[in-house]
Amino acid sequence: MVIAGGGRVGFRVAEFFKQRGHRVTVIEQDPDRAHEQDSDDIEIVIDDATHPSVLSNVITEETTVIGALTDSDSTNLAVCLAAKTFQPDIRTVARITNADDEEFEQLVDEVVFPERASVKTAVNALSGSDVRTFEDVTGKMEVFDIRVAPESPIAGQLLDDADLPEGSLVISGAGKERTATSETRLEAGERYIIAADPAAADSVISAFRGE
């Protein structure tokens, strides 16, 4: 994952994904800002993300998503469009000010608006469709809307038999039409709402994704 823009949101988003086992590179043009957010666990490139040479060095065949989260709309669009030239299948997320997201849907995969650009909003956009976190209502507790991958060992199991970590709770059944019970079956391809303590969140995601 590549994050262009090492401000408060950009760097905290990078930390979120790094803690969950992703390789994350942050590109930040301002050395002072980069120094403020310095971390031994996250690679920081002090340079201009709009320069093709910078992106070509940072984006590899393993890069699946880029988040352009600077405070400049033109920079964010330029970064996303340039990233596609180096990695056509890369997922692009851009922070855009006061714009109709439909206007930009042909240019980027998802838009994040500044007024909604909390860490969890950006995390949701960068994660794509498999995992989404709820915002501003759960404190430190993580609440996920997550899909059971077909290769997950818990796929097809009753909730009572599923080996889920302590500190996690399945709230909804398949389709989220009913609350979950011990007889709820975790169906492959279905989505469920899960609450988890921070220490259990990674294990819950791994169990549902089959990682």
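The values are calculated or read from the model by the stated rules, or taken from the named source; none is laboratory data. It should be emphasised that the depicted structure is a prediction, and the values quoted were computed from it without experimental measurement. Cβ: placed from backbone, ideal geometry, glycine included. Neighbour counts: every protein chain shown. Only protein heavy atoms, including side chains, enter the accessible area calculation; ligands, DNA and RNA are left aside. Shrake-Rupley method; radii C 1.70, N 1.55, O 1.52, S 1.80 Å.
Can you name every residue in region 86-98 that is modelled with pLDDT under 90 and more than 13 Å from A68 (Cα to Cα)?
Matches in region 86-98: N98 only.
Using the structure shown, decide if E211 is more than 18 Å from the chain's Cα centre (by Cα), within 19 Å of R20 (Cα to Cα) and not in a helix (DSSP H, G or I).
For E211, the condition - more than 18 Å from the chain's Cα centre (by Cα), within 19 Å of R20 (Cα to Cα) and not in a helix (DSSP H, G or I) - is not met.
Where in region 1-85 are there helices (runs of 4 or more DSSP H), lying wholly inside it, with at least 1 residues that are modelled with pLDDT under 90 and over 26 Å from F104 (Cβ atoms)? Steps first, answer last, please.
Working: elements: 8-19, 31-36, 52-58.
In region 1-85, 8-19, 31-36 are the helices (runs of 4 or more DSSP H) which contain 1 or more residues that are modelled with pLDDT under 90 and over 26 Å from F104 (Cβ atoms).
Check whether at least one residue in region 65-80 is within 19 Å of E15 (Cβ to Cβ) and free of Cβ contacts under 8 Å to residues at least 60 places away in the same chain, and report yes or no.
No, the conditions are met nowhere in region 65-80.
Tell me, please, whether a residue that is open to solvent by 30 Å² or more (accessible area, probe 1.4 Å) and touching a Lys or Arg at 6+ places or on another chain (Cβ under 6 Å) can be found in region 36-57.
Checked against the condition, which is being open to solvent by 30 Å² or more (accessible area, probe 1.4 Å) and touching a Lys or Arg at 6+ places or on another chain (Cβ under 6 Å), region 36-57 yields at least one hit.
Please determine, by comparing only the residues of region 119-173 that are among the β-branched types (V, I, T), assigned to a loop (DSSP other than H, G, I, E, B) and at pLDDT 80 or above, which one is farthest from A94 (Cα to Cα).
Within region 119-173, the first condition is being among the β-branched types (V, I, T), and the residues that meet it are 119, 121, 123, 131, 133, 137-138, 143, 146, 148, 154, 170-171.
When the remaining residues are screened for being assigned to a loop (DSSP other than H, G, I, E, B), the result is 137-138, 148, 154, 171.
Now restrict to residues that are at pLDDT 80 or above: 148, 154, 171.
Values: V148: 28, I154: 35, I171: 32 Å.
Filtering region 119-173 for residues that are among the β-branched types (V, I, T), assigned to a loop (DSSP other than H, G, I, E, B) and at pLDDT 80 or above, the one farthest from A94 (Cα to Cα) comes out as I154.
Restricting attention to region 165-187, which residues are out of contact with any strand residue (DSSP E or B) (no Cβ under 9 Å at 6 or more places or on another chain) and surrounded by 14 or more Cβ atoms within 10 Å (Cβ to Cβ)?
In the first step, residues of region 165-187 are kept if they are out of contact with any strand residue (DSSP E or B) (no Cβ under 9 Å at 6 or more places or on another chain); the result is 166, 177, 181, 187.
Across region 165-187, the qualifying residue is only E187.
Give the residues of region 86-109 that are assigned to a loop (DSSP other than H, G, I, E, B) and surrounded by fewer than 17 Cβ atoms within 10 Å (Cβ to Cβ), sorted by residue number.
So in region 86-109, the residues assigned to a loop (DSSP other than H, G, I, E, B) come out as 87-90, 96-100, 105-109.
P88, D89, T97, N98, A99, D100, E105, Q106, L107 - these are the residues of region 86-109 that are assigned to a loop (DSSP other than H, G, I, E, B) and surrounded by fewer than 17 Cβ atoms within 10 Å (Cβ to Cβ).
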